[in-house]
Amino acid sequence: DTAARLPHRLPDGSVLELGTATAAYQIEGAVDVDGRGPSVWDTFTARPGTIKDASSGATACDSYHRHLEDADLVAGLGVRWYRFSIAWPRIQPEGRGRVETRGLDHYDRVVDALLERRIVPTATLYHWDLPQALEDEGGWLVRSTAEAFADYAEVVADRLADRVGVWATHNEPWCTAYLGHSAGVFAPGRREGGGAHRAVHHLNLSHALAAERIRAAHAVDVGTVLNLAPVWPERPEAEPLAERIDALRNRVWLDPLVDGEYGESVLAVAPELADAELVRPGDLELVQGSADWLGVNYYTPTRPDLVVPGRPPHPEGAAYPGVGDFDLVVREPRTDIGWEVVADGLEELLVETHRRTGLPILVTENGAACADAERVDGVVQDDDRIDYLRGHLAATHRARAAGADVRAYVVWTLLDNFEWAEGYTKTFGLVHIDPADQTRTPKASYRWLAQVARGEVTP
Ligand code: PNW
């Protein structure tokens, strides 16, 4: 009977479903296996000075070879959903054209292993690992990459959509566009200033093209995953600043999806998006209404403030081209990565995003970096992570009670893994990984989430 109901579509929202997530480059390793081509993250991590501990995802958690063990770990948690991403360079090593069957076979096995364990798979097509061959042609700065993405999406969906019913095109395009093309702290490490808005538009367009292509052939739910943030000006004088930050963090993605345009506040700070050569007739009509659901990743709010004379502006300013210098206030308590813990921020964000979009929402990521604490009876004690998750799960329930159509809460992340520019120095996992031999050891937070999933504790 399980087979008859495949693929599992969006949950109906009668209860808040639970899940956990990973991303291909952060866990898989095996970068030279089964014909995988190089991605921009292979290139970027090889560049001196880009990654805090000079590491890369070359080995990571070796999940490419240990995916059965990982599926067992998800099953042991007792959560219903597992969100994973597909590495484009495993499917199309040159970024377009030739398809590497061994790559498709791998994700086929991942999906089957999950289904056999009664876990619902949800696939993200792009969690930042662009084939290097496409970067060499201009990457997200050129329109042809958006067209190539739709071809790739079609190939993957044709293979998996009989068993995967919930698809995300992108993960956090804000990071790709601005951290990758303005701040230069993520791959591909470009510093284009307002030129990053070319990437913004091509990412929006690529979502729409891919969603259209997938839906034309399959009855599935296609969404996109955004790292939206509540933007709270620290004082009244910082309000205009907050509006410019809100435009680049939130509106540049939501305006086209909901209204089919880049609104006034977006164009005020991103005039590049008024260029008719970049944003062509029909583009925004295609993006409007192109998501069946919205993924929201939330970690912390953004509290902009004016720069205090004599103090340097906040370095994150480089991720907001054209906004002008600003400071960011970060109060206590903070997680190990320095992000302020504010569960109410998630509640507000979910209520506000549902009001703005009317879409079903999945919390596709939420979690905390915690330094490795001592072990008791072999179990890593990560009480700070449990507190964080408990608070944010409760906030998600409050948002539902307030009318926000939130259908799932997905914890970032199953495994301690390659945390991008932070390398392996910051860990978000429910499961500890021994960097020497990839041995997996569930932490106290894993046991706590399993109790929540079994209904033994209520957040
Ligand atoms: C998200 N920032 O990344 C990603 O989706 C995950 O892959 C990642 O591991 C997780 O959050 C934790 O960081 C972000 O600097 C990384 O603003 C950095 C930022 C935002 C999101």
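The values are calculated or read from the model by the stated rules, or taken from the named source; none is laboratory data. Source: prediction; values computed, not measured. No Cβ is skipped: glycine too gets one built from the backbone with ideal geometry, and neighbour counts run over all protein chains shown. Heads up: the accessible areas ignore ligands, DNA and RNA and are worked out on the full protein's heavy atoms, side chains in. Shrake-Rupley method; radii C 1.70, N 1.55, O 1.52, S 1.80 Å.
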Notebook entry, point to check: Residues in region 421-443 that are farther than 14 Å from G367 by Cβ, outside any strand (DSSP E or B) and of a type outside the set (D, E): how many?
Noted result: 8
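Residue-by-condition table, conditions (1) touching a residue at least 24 places away in the same chain (Cβ under 8 Å); (2) within 16 Å of the ligand (Cβ to nearest atom); (3) on the phi > 0 side of the Ramachandran plot:
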| position | (1), (2), (3) |
| --- | --- |
| A395 | yes, no, no |
| V431 | yes, yes, no |
| D437 | no, no, no |
| A450 | yes, no, no |
Notebook entry, point to check: From S14, S55, which residue is within 16 Å of the ligand (Cβ to nearest atom) and not charged (D, E, K, R)?
Noted result: S55
Checklist line | Residue that is nearest to the ligand (Cβ to nearest atom) [pool: residues in region 110-127 that are part of a helix (DSSP H, G or I) and touching a His at 6+ places or on another chain (Cβ under 7 Å)] | finding: V110
Notebook entry, point to check: What about H397, is it crowded, with 18+ Cβ neighbours inside 10 Å and out of contact with any helix residue (DSSP H, G or I) (no Cβ under 6 Å at 6 or more places or on another chain)?
Noted result: no
Notebook entry, point to check: Among the residues of region 317-337, is there at least one that is within 15 Å of the ligand (Cβ to nearest atom), modelled with pLDDT under 95 and over 17 Å from the mean Cα position of the chain (by Cα)?
Noted result: yes
Note to self: Return the residues of region 214-253 that are away from the ligand (no atom under 16 Å from the Cβ), aliphatic (A, V, I, L, M) and buried (at least 18 other Cβ atoms within 10 Å of the Cβ); say none if nothing qualifies.
What the structure shows: I214, V220, V222, A238, L241, A242, A247
Notebook entry, point to check: H197: closer than 30 Å to V330 by Cβ, within 16 Å of the ligand (Cβ to nearest atom) and open to solvent by less than 10 Å² (accessible area, probe 1.4 Å), yes or no?
Noted result: no
Next item on the list: Take region 332-353 and flag every residue that is within 17 Å of D382 (Cβ to Cβ), in contact with a strand residue (DSSP E or B) (Cβ under 7 Å, 6 or more places away or on another chain) and buried (at least 17 other Cβ atoms within 10 Å of the Cβ).
Entry: V341
Item checked: Among the candidates L179, L130, residue that is within 16 Å of the ligand (Cβ to nearest atom), open to solvent by 10 Å² or more (accessible area, probe 1.4 Å) and in contact (Cβ under 8 Å) with a residue 40 or more places away in the chain -> L179
Note to self: Which residue is nearest to the ligand (Cβ to nearest atom), if the candidates are limited to region 156-173 and must be under 14 Å from the mean Cα position of the chain (by Cα) and open to solvent by less than 10 Å² (accessible area, probe 1.4 Å)?
What the structure shows: N171
Item checked: Options A276, A291; residue that is under 30 Å from V222 (Cα atoms), part of a loop (DSSP other than H, G, I, E, B), in contact with a strand residue (DSSP E or B) (Cβ under 6 Å, 6 or more places away or on another chain) and more than 15 Å from the ligand (Cβ to nearest atom) -> A291
Check: Are there any pairs, at least 6 apart or on different chains, whose C-beta atoms fall under 6 Å, with the first in region 42-55 and more than 11 Å from A421 (Cβ to Cβ) and the second of a type in the set (S, T, N, Q) and open to solvent by 20 Å² or more (accessible area, probe 1.4 Å), and if so, which?
Finding: T43/Q132
Next item on the list: Quick one: count up the residues across region 354-390 that are surrounded by 18 or more Cβ atoms within 10 Å (Cβ to Cβ) and small (G, A, S).
Entry: 3
Note to self: I'd like to check something: does region 277-284 contain any residue that is more than 26 Å from R143 (Cβ to Cβ) and open to solvent by 10 Å² or more (accessible area, probe 1.4 Å)?
What the structure shows: no
Item checked: Residues satisfying the stated conditions in region 401-414, i.e. in contact with a strand residue (DSSP E or B) (Cβ under 8 Å, 6 or more places away or on another chain) and either free of Cβ contacts under 8 Å to residues at least 24 places away in the same chain or within 15 Å of R356 (Cα to Cα) (or both) -> A404, D405, V406
Next item on the list: Test each condition in (1) out of contact with any strand residue (DSSP E or B) (no Cβ under 9 Å at 6 or more places or on another chain); (2) closer than 23 Å to V410 by Cβ; (3) more than 15 Å from the ligand (Cβ to nearest atom) for G263 and report the one that comes out false.
Entry: (2)
Notebook entry, point to check: Has region 412-424 got at least one residue that is small (G, A, S), buried (at least 23 other Cβ atoms within 10 Å of the Cβ), within 16 Å of the ligand (Cβ to nearest atom) and within 19 Å of the chain's Cα centre (by Cα)?
Noted result: no
Notebook entry, point to check: Right, T396: in contact with a strand residue (DSSP E or B) (Cβ under 8 Å, 6 or more places away or on another chain) and in a helix (DSSP H, G or I) or not?
Noted result: yes
Next item on the list: Scan region 134-148 and report the pairs whose first residue is free of Cβ contacts under 8 Å to residues at least 12 places away in the same chain and whose second residue is open to solvent by 10 Å² or more (accessible area, probe 1.4 Å) and of a type in the set (D, E), with Cβ atoms within less than 8 Å and a gap of 6+ or a chain change.
Entry: S144/E137
Next item on the list: Mind listing just one residue for me: the one in region 295-316 that is more than 15 Å from the ligand (Cβ to nearest atom) and not acidic (D, E) and, of those, surrounded by the most Cβ atoms within 10 Å (Cβ to Cβ)?
Entry: L306
Item checked: Those residues of region 71-91 which are touching a residue at least 60 places away in the same chain (Cβ under 8 Å) and surrounded by fewer than 23 Cβ atoms within 10 Å (Cβ to Cβ), in sequence order -> L73, G76, G78, R80
